[in-house]
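Read the structure below first, then the notes.
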Amino acid sequence: MVLRAFLVSFGIVSGAGFSQFPEFSQQYLQRLGGAVDELSTVVSDFDRSAATFGMTRHQALEEMNGSPFLQRRQADLRRTISRYEELSEAYIALRYAGPFTRFYEVQHMGDPEILSGTWQDYRPAVPLTFEGGMFSLFGFLIGYGSLSALIKIVRPSRRRNKPTAA
């Protein structure tokens, strides 16, 4: 009886945790969009400057040689452009995905800086949406089922030898 109550409690806690995914992923997406917008401004400005001199982005980056400062600035811009491209790809993958598809696309929610900022500002809430309810149910089933299976593996069988009738 105590074990069943523990399993149900663990399932409820697991369900409550999973129910937070839709809102957390939405907040992550908002931060990701903001980061993409800001990086887009920097990359677009650089591209316009390059175009003013009749160069492509790649050519302009190659021109940034000659002094340690320019080489450092070139490396910074390469990192910025690379980050912009990575975050843009992640944003496109997540932007039109619903909460269930976002769970499938969770690998695109791995940017440490954005993830950390989202986590720091996130406040759990009671999910009153269909998606929140479904994630709650899924979490409950995962939590209850996995702990139940683990207990069955670890715990010795409780079968008792019943006397047989002669």
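Among residues of segment 9-26 that are in a helix (DSSP H, G or I), those with a beta-carbon under 6 Å from a residue that is among the hydroxyl-bearing types (Ser, Thr, Tyr) at least six positions away or on a different chain give the pairs Gly11/Tyr144; Gly15/Ser136; Phe24/Tyr122.
Residues being over 29 Å from His108 (Cβ atoms) and surrounded by 15 or more Cβ atoms within 10 Å (Cβ to Cβ) are entirely absent from segment 81-95. Residues in segment 1-31 that are of a type in the set (Gly, Ala, Ser) and more than 14 Å from Trp119 (Cβ to Cβ) were compared, and the one that is surrounded by the most Cβ atoms within 10 Å (Cβ to Cβ) is Ser19. Filtered by the rule that a residue be among the small types (Gly, Ala, Ser) and either in contact (Cβ under 8 Å) with a residue 12 or more places away in the chain or part of a helix (DSSP H, G or I) (or both), segment 78-106 gives Ser82, Ser88, Ala90, Ala93, Gly98. Each residue in segment 141-157 was checked for being open to solvent by 60 Å² or more (accessible area, probe 1.4 Å) and in a helix (DSSP H, G or I), and 7 of them qualify.
Scanning segment 39-61 for residues that are over 15 Å from Asp76 (Cβ atoms), in a helix (DSSP H, G or I) and either out of contact with any Phe, Trp or Tyr (no Cβ under 8 Å at 6 or more places or on another chain) or open to solvent by 80 Å² or more (accessible area, probe 1.4 Å) (or both) yields Thr41, Ser44, Asp47, Arg48, Ala50, Ala51, Thr52, His58, Gln59.
Looking at this structure, is Arg31 among the basic types (Lys, Arg) and out of contact with any Gly (no Cβ under 7 Å at 6 or more places or on another chain)? No, not satisfied. In segment 107-140, of all residues being touching a Ser or Thr at 6+ places or on another chain (Cβ under 8 Å) and part of a helix (DSSP H, G or I), the one that is most open to solvent (accessible area, probe 1.4 Å) corresponds to Phe140.
Kindly indicate whether any position in segment 65-73 is exposed (fewer than 10 other Cβ atoms within 10 Å of the Cβ), of a type in the set (Ser, Thr, Tyr), at pLDDT below 95 and over 16 Å from Phe18 (Cα atoms). Yes, segment 65-73 has at least one match.
The condition of being of a type outside the set (Gly, Ala, Ser) and over 30 Å from Ser146 (Cβ atoms) holds for only one of Val13, Val42, Val2, that being Val42.
The values are calculated or read from the model by the stated rules, or taken from the named source; none is laboratory data. Fair warning: this is a prediction, and the values are worked out from it, not measured in the lab. Don't worry about glycine lacking a Cβ; one is built from the backbone with ideal geometry, like all the others, and counts go over all protein chains shown. Ligands, DNA and RNA are excluded from the accessible area calculation, which covers all protein heavy atoms including side chains. Shrake-Rupley method; radii C 1.70, N 1.55, O 1.52, S 1.80 Å.
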